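Quick notes on the structure that follows.
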Amino acid sequence: MNTRQSPVRDEDSFDVERMHTWLTQRIDGLAGPRPDITQFTGGASNLTYLLHYPHLGRELILRRPPTGKKAASAHDMAREYRVQEALKPLFPLVPTVRALCQDPSVIGTDFYVMDKVPGLILRGRLPDGMDLPRSGARALSEAFVDTLTDLHQIDPAAAGLADLGKGRGYVRRQIDGWTRRYAQARTWNTPSFRRVTAWLADHQPDDSALCVVHNDWRLDNLVLDETDLRVTGVLDWEMATLGDPLMDLGSALAYWVQADDDRIARTTRRQPSHLPGMLTRTEIVERYCHRTGQSADNWPFYETFGLFRLAVIIQQIYYRYHHKQTRNPAFRNFWLAVNYLDHRCRAVIRRSTGN
């Protein structure tokens, strides 16, 4: 499995013995020595840990919120747990969740534990010795979009998730909500985004549909079979809700850096979407619309929203670093990415308006 792990950072540590005692009372077969624990370093939102039980040959995953200031609706462990539990029968790529803890006396925060999904996770670079031919890259990028369309076609009511979101008006709530979050997290070294948010507010379409949206669809949230790169798991359901599918696609493509993007985009790339054979963003949109019957007429809006939303997420993380709520050095230069995304948003707007 191509994941980065390290010893648990001091600021993210917790009482492993107490956690282990709590788990053994709820998951069969865990009695015995406490697990070895490492921390996954790839994420920047909820904290993720590997619980390794050498005497059992078993591995579990623990998820918990980060420290520091958090958006009021973010990092809801019970909600993330419930979404996966409900979706599993209809979308088998969801991990199997095992236990949810809402007692802060155990590790200081809510957390949940799930099975580890075995397989390969692709990060910015392919693993050493791995070669992905053009045909393989194309098939992988097609699976990237096709699996998303499969998720979007699930009936929320059939999954027991009809109450997961607030219903119609999703586009408006997203524009208002992300605009407010950015204002609350802005620091002196980042732009206002006033032109971008005003344009989004003035050009927002009606909801195109209402479905289960993942809200963090990226290649590095897909687990792949190590032999044929089939998608075998989908991770990180923290922000899943009922929403507009084209907003979900726009958010996903904000991370999709292709081979002909500028140097800054290529430098900040976190997934191998640039490889020869990978679909371009335009080709992904065309394939998605062909499979779903959606229209791409308003795509500049969804593209701009995705880039702005990514800027807000990055800024919220940087806010914690800026105010010394986390010492993680990986966040030191996130403010530069926020400035760059403001530039990207303005470029899309200029192209769409012709000025």
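The values are calculated or read from the model by the stated rules, or taken from the named source; none is laboratory data. Computed from a predicted model, the values in this text were never measured in an experiment. A quick note on method: Cβ atoms are made from the backbone with ideal geometry, for glycine too, and the neighbour counts reach across all protein chains shown. When the accessible area is computed, the model is the full protein with side chains, heavy atoms only, and any ligands, DNA or RNA have been set aside. Shrake-Rupley method; radii C 1.70, N 1.55, O 1.52, S 1.80 Å.
Observations on the model:
- Residues of region 310-333 with amide N under 13 Å of the 7 Å Cα→Cβ point at Asp10: 327-328
- Heavy-atom accessible area with a 1.4 Å probe sorts Arg351, Arg173, largest first, into Arg351, Arg173.
- q = 0.12, 0.15, 0.23 Å⁻¹, region 201-279: log10 I(q)/I(0) [Debye, one scatterer per Cα]: -0.45, -0.68, -1.14
- Three semi-axes describe the equivalent ellipsoid of the chain; taken as square roots of 5 times the Cα gyration tensor eigenvalues and ordered largest first, they are 32, 23, 21 Å.
- Note that region 331-341 has calculated 3J(HN,Hα) couplings of 9, 4, 9, 4, 4, 5, 5, 5, 4, 5, 5 Hz, one per residue in order, obtained from phi through the Karplus relation 6.51 cos²θ - 1.76 cosθ + 1.60 (θ = phi - 60°); glycine and proline are x.
- Viscosity 1.567 mPa s, temperature 4 °C, Stokes-Einstein D of region 13-64 from Kirkwood C-alpha radius, µm²/s: 112 µm²/s
- FRET efficiency, Ala31 to Asp297 (Cβ-Cβ, R0 45 Å, nearest 0.05): 0.15
- D (Stokes-Einstein, µm²/s), Kirkwood Cα radius, region 145-225, 1.306 mPa s at 10 °C: 103 µm²/s
- Sequence-ordered 3J(HN,Hα) estimates for region 18-28 from the Karplus curve with 6.51, -1.76 and 1.60 and θ = phi - 60° stand at 5, 4, 4, 4, 4, 5, 4, 7, 10, 10, 5 Hz, glycine and proline given as x.
- Amide H contacts under 5 Å for Arg98, placed H, 5+ residues apart: Val113, Met114, Asp115
- When the alpha carbon gyration tensor of region 210-256 is reduced to an equivalent ellipsoid, the three semi-axes, largest first, read 21, 11, 9 Å.
- In this label model, Arg230 and Arg168 are separated by 4.1 nm, measuring between points 7 Å along each Cα→Cβ vector.
- Expected 222 nm ellipticity per residue - DSSP helices of 4 or more, -39500 (n - 2.57), all of the chain, to 500: -12500 deg cm²/dmol
- Fully extended contour minus Cα-Cα distance, from Ala198 to Thr280, at 0.36 nm per residue: 26.7 nm
- Rounded to the nearest Hz, the phi-derived 3J(HN,Hα) couplings of region 191-208 under the Karplus curve 6.51 cos²θ - 1.76 cosθ + 1.60 (θ = phi - 60°) are x, 7, 6, 4, 5, 5, 5, 5, 5, 4, 5, 7, 10, 6, x, 5, 4, 7, where x marks glycine and proline.
- Descending semi-axes in Å of region 303-347, equivalent ellipsoid built from Cα gyration tensor: 22, 9, 6
- Once the Cα-Cα distance is subtracted from the 0.36 nm per residue extended length, the Ile264 to Ala209 segment shows a gain of 16.4 nm.
- Tail weight of P(r) past 13 Å, computed on alpha-carbon pairs of region 255-295, percent: 55 percent
- Each 10 Å bin from zero up to the one holding the largest Cα-Cα distance in region 86-157 carries the following percent of pairs: 14, 30, 31, 20, 5, 0.
- Stokes-Einstein D in µm²/s, Kirkwood radius over Cα pairs - region 56-205 at 10 °C with 1.306 mPa s viscosity: 81 µm²/s
- Kirkwood Rh (inverse of mean 1/r, distinct Cα pairs), region 202-355, angstrom: 16.9 Å
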